[in-house]
1. Give Leu40, Leu53, Leu49, Leu87 a once-over and let me know the one that is under 30 Å from Thr2 (Cα atoms), touching a residue at least 40 places away in the same chain (Cβ under 8 Å) and surrounded by 15 or more Cβ atoms within 10 Å (Cβ to Cβ).
2. How do the pairs read when you match residues in region 13-29 that are of a type in the set (Asp, Glu) with residues anywhere that are at pLDDT 90 or above, using Cβ under 7 Å and keeping only pairs 6 or more apart or on different chains?
3. For region 137-156, give me each residue that is β-branched (Val, Ile, Thr), in a loop (DSSP other than H, G, I, E, B) and either within 24 Å of Tyr54 (Cβ to Cβ) or modelled with pLDDT under 85 (or both).
4. Would you check which residues across region 1-37 are of a type in the set (D, E, K, R), surrounded by 17 or more Cβ atoms within 10 Å (Cβ to Cβ) and under 16 Å from Ile61 (Cα atoms) and list them?
Amino acid sequence: MTVDARDLAILKAVYGLGTPSPKHIESETGIPKSTIHYRLNKLREAGVLKNDLYELDAAAIGLDVTVITEVLAEFAEGYHESVGSRLGEIDGVSDVYFTMGDTDFIVVAHLPNGAFVQRLIEEYEAIDGVERTSSKFVIATIKEEQNPIHAYHFDTLLELDLQSNTE
């Protein structure tokens, strides 16, 4: 399926607003509700949207190169926030994790092809405080779970005695 500018605007609105509501998407994009409804159904049928939770299959829209990068940064007060937010602003970056151990950050990016990898690494290394990067291409995704609760068996969840932190 070819994804055009309207499809991309709808997808950006779904994830930006956190809702697939055609009314809200229309307010955000100016695209008529009937068009939004039709296109969301087409995206689901084509496998771009995996399910009713609107989980995106990045490969289905051409973002099929996943790069995982370890970033080492120069230690300074607040560097995890300043360097981390700059990493997160780079096009294609979907996840930035500040970590313990030999690596300061783990960064995940989804790109259209290998030609974009060099640009990505150059942008990482242009950030003040970034000392070194080490990147890996994902050959095959074995498991990818967007919702952590799906990673547990029901009985295990019951044993965990989970607490809500939204008091």
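The values are calculated or read from the model by the stated rules, or taken from the named source; none is laboratory data. Just so you know, these numbers come straight off a predicted model, no measurement behind them. Here Cβ is always computed from backbone atoms with ideal geometry, including for glycine, and neighbour counts include all displayed protein chains.
1. Result of the check over Leu40, Leu53, Leu49, Leu87: Leu87.
2. Once the first residue is of a type in the set (Asp, Glu) and sits in region 13-29, its partners that are at pLDDT 90 or above give Glu26/Pro32; Glu26/Lys33; Glu26/Ile36; Glu28/Ala13.
3. Our first condition is that a residue be β-branched (Val, Ile, Thr); within region 137-156, this holds for 138-139, 141-142, 149, 156.
Still in the running and in a loop (DSSP other than H, G, I, E, B): 138-139, 141-142.
Of everything in region 137-156, those that are β-branched (Val, Ile, Thr), in a loop (DSSP other than H, G, I, E, B) and either within 24 Å of Tyr54 (Cβ to Cβ) or modelled with pLDDT under 85 (or both) turn out to be Val138, Thr141, Ile142.
4. Scanning region 1-37 gives a single hit, Asp7.
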